[in-house]
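Here the structure comes first, spelled out in structure tokens, and everything after it is commentary.
What follows is calculated from the coordinates using simple rules that are stated; it is not laboratory data. All values reported here derive from a predicted model rather than from experimental measurement. No Cβ is skipped: glycine too gets one built from the backbone with ideal geometry, and neighbour counts run over all protein chains shown.
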Amino acid sequence: MTSPLSNPRLLALVLWLAALVAFVAASVETSRTRLADELEVTGRTLHRLISQRVAQHDAHLTTLIALSSGAEPAPDGAVRQVMESISRFYPRIAWLALVSLGPEGAGAADGGAAEGASQPAGITAGAETEGSGAAQPAGVGAGSAGGVSVREVVAVPALGGVDLAPLAEKIAGQVRGRPSVYAAGEGRYLLAKRAPETSDLAVVLMIDATKLVEPEERPGFAHLVLSLDGKALVDLPADASLGSGVLWLKPPHFEKVIDGEGQRLLLSLDRSLPLAALVPPGRLLGFAVVAGLLAAALAFGLGQRAAVKRSLLAAREAEERLAVQERETLLAHASRVNAMGELASGIAHELTQPLTALLSRSQAALRLARAEKPDMAKISGALDVNVREAKRAGEMLKRMRDYASNKAPERARQDLNAIVAEVVALTRTDLERRGVALVLELTQPAPEAVVDTIEMEQVLHNLIRNAAEATGSGGVVTISTGRVGREAKIVVSDNGPGIAAEVLPKLFVPFFTTKADGMGLGLSLCATLVERVDGRIAAETVAGGGARFTVTLPLAREA
Ligand SMILES: Nc1ncnc2c1ncn2[C@@H]1O[C@H](COP(=O)(O)OP(=O)(O)OP(=O)(O)O)[C@@H](O)[C@H]1O
Ligand SMILES: [Mg+2]
């Protein structure tokens, strides 16, 4: 299974990436909102400042008009003084003039005040008549247009003013007391106001719009444009170092009209959204590291949990295996005890013989001992034989007891020829009773394998019993041992009818039997016991008739 859920590392990686994506998304959203808010606040502040400044211009106009054309007009010198102080205090007011408007020809003769004012400054006659009033070289401080002449009465500075001639008619046409705005090129505009009824005077201010925003107020992060009737007076780009914005987000924009007494200026601010501002690399790195550590901890935790689960599972499997083995051992024991019943009569017979011989030889020895001159040589000879016989009988009983014992299997390096000999000793009488001959072909040196002696004896006993049952009286059972490569072989063959082809595949299946009184457990038990020690068992019918069972075991490695 390779679903991310089953692999803690993959899961942690996926979660980490998801967290990074979420962080970037959240960061972009909050940064965008913050940057837009910042722009809005800056825009409002600038709007307020510029509005205040623009409002002052109207106040200046009002003051100057009151001064020059009030009930008691001040002398030109006084007006000039006020103008000079205004000019000093407000550097953005580039030029001020008190002009007299009259019918054509009225004031043109007396225009010395602005002698040398050689900067027409590209005046166009207001935005509403854009392009119609072409600039005229001034040269003199007075001029006329459309039947209206304009004459500078006082101008500060006296030089470097503006040729108002192209605007004369427009100014003359203004509603009295209401200021009007005219574009003046180079980021400047003119603000003109006519005096009340009784006077033909007007005051004109030339304002340098670039100075409406102080250098320290300029927002470096935004592109600032201050425009008059769609034409930019001020155009301050954002700092180049900020880099260009991402294309997939609409950049924040601020726009607000400054309605300062006829001076309709439009303030607009634009801010680009560079990636670094949206997702600060330092914060992204910090987050990636923290999230990475958490993900690693998670992967570790999940890995530990999986490992614990695996080991629990392994423990349970081992337990189950043990339980199965225990059951098989029990079954093997039950089967041995059952077989013992069959062997018992033969063994009892085998023991009767030496016991009878022991008895008669002991009686004879007694007689010899009681004679007048006991023949010690004969007596000790008889006793020698008795001891041997008694030992043999004792060995036979021990063999039986061992075979029927319920000891836990103990695997150790064992001589396979010796195991064959033990089984033969146990079963010999039984075979004799059945009239079955036994042939042994044991290879020398004896092959050795790591097995439990009793279990191997039980395997061979089952095979020998099956062979004897197959041949019946007059049959021959051959047991041979041998080596092939790194394996030991024990072969039990007989000259019985062999195994039918349709029976062969079912031979080792538990409870399969063709015998009336068979249990069908012998061969399945053999397979279990042999496989427990990494061996295998195979059955076949030999060419000349008869069955052959081969037990193959791994040879014990040379010590
Ligand atoms: N040497 C053999 N020759 C022919 N058939 C055999 C031989 N050994 C086993 N079989 C067949 O395999 C079957 C299964 O043998 P298995 O030893 O497992 O059970 P069983 O001998 O029938 O009963 P039991 O549980 O008493 O041993 C036998 O019933 C028999 O048909
Ligand atoms: Mg059997």
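Here are some notes:
- Amide H contacts under 5 Å for residue 222, placed H, 5+ residues apart: 239
- Fraction of antiparallel bridges per DSSP, the range 429-496 only, in percent to nearest 5: 60 percent
- Per-residue Karplus couplings for the range 165-176, computed as 6.51 cos²θ - 1.76 cosθ + 1.60 with θ equal to phi - 60°, are listed in order as 3, x, 9, 3, 5, 5, 4, 4, x, 5, 5, 5 Hz, Gly and Pro entered as x.
- Residues with amide H under 5 Å from that of residue 94, placed H, sequence gap 5 or more: 206, 207, 208
- Among beta bridges that DSSP assigns inside the chain, antiparallel share in %, nearest 5: 95 percent
- Backbone phi angles across the range 529-538, fed through the Karplus curve with coefficients 6.51, -1.76 and 1.60 (θ = phi - 60°), yield HN-Hα couplings of 5, 6, 5, 4, 10, 6, x, 8, 9, 9 Hz in residue order; Gly and Pro are listed as x.
- Using the Cβ of residue 406 as centre and a radius below 15 Å, the other residues enclosed give a net charge of -3, where K and R count +1 and D and E count -1.
- 0 to 90° range, to nearest 10: angle between helix 416-434 axis and the chain longest Cα axis: 50 degrees
- Value of relative contact order over the range 409-559, rounded to a whole percent, pairs C-alpha under 8 Å and six or more apart: 24 percent
- Principal-axis tilt of helix 453-471 within the chain, Cα atoms, nearest 10 degrees: 60 degrees
- A cut-off of 5 Å between modelled amide H atoms, ignoring neighbours fewer than 5 places along the same chain, links residue 265 with 258, 260.
- The residue list 257, 240, 223 was ranked by how far each Cα lies along the charge dipole of the range 219-284 toward its positive end, using unit charges on Cβ atoms, and 240 comes out on top.
- For the range 209-224, backbone phi angles converted through the Karplus equation (6.51, -1.76, 1.60; θ = phi - 60°) give residue-by-residue couplings of 4, 5, 9, 6, 10, 5, x, 6, 8, 5, x, x, 7, 10, 8, 9 Hz, Gly and Pro being listed as x.
- Nearest 10 degrees, 0 to 90: helix 281-370 Cα axis against the chain principal axis: 0 degrees
- Nearby lysines by direct alpha-carbon distance to residue 231 (threshold 27 angstrom, same-chain neighbours under 8 apart not counted): 170, 193, 211, 250, 256
- 28 Å Cα-Cα reach of residue 398 towards lysines, excluding residues that sit fewer than 8 places from it in its own chain: 407, 489
- Relative contact order, percent, the chain [alpha-carbon distance under 8 Å, six or more residues apart]: 10 percent
- Between residue 257 and residue 392, residue separation times 0.36 nm minus the direct Cα-Cα distance comes to 35.9 nm.
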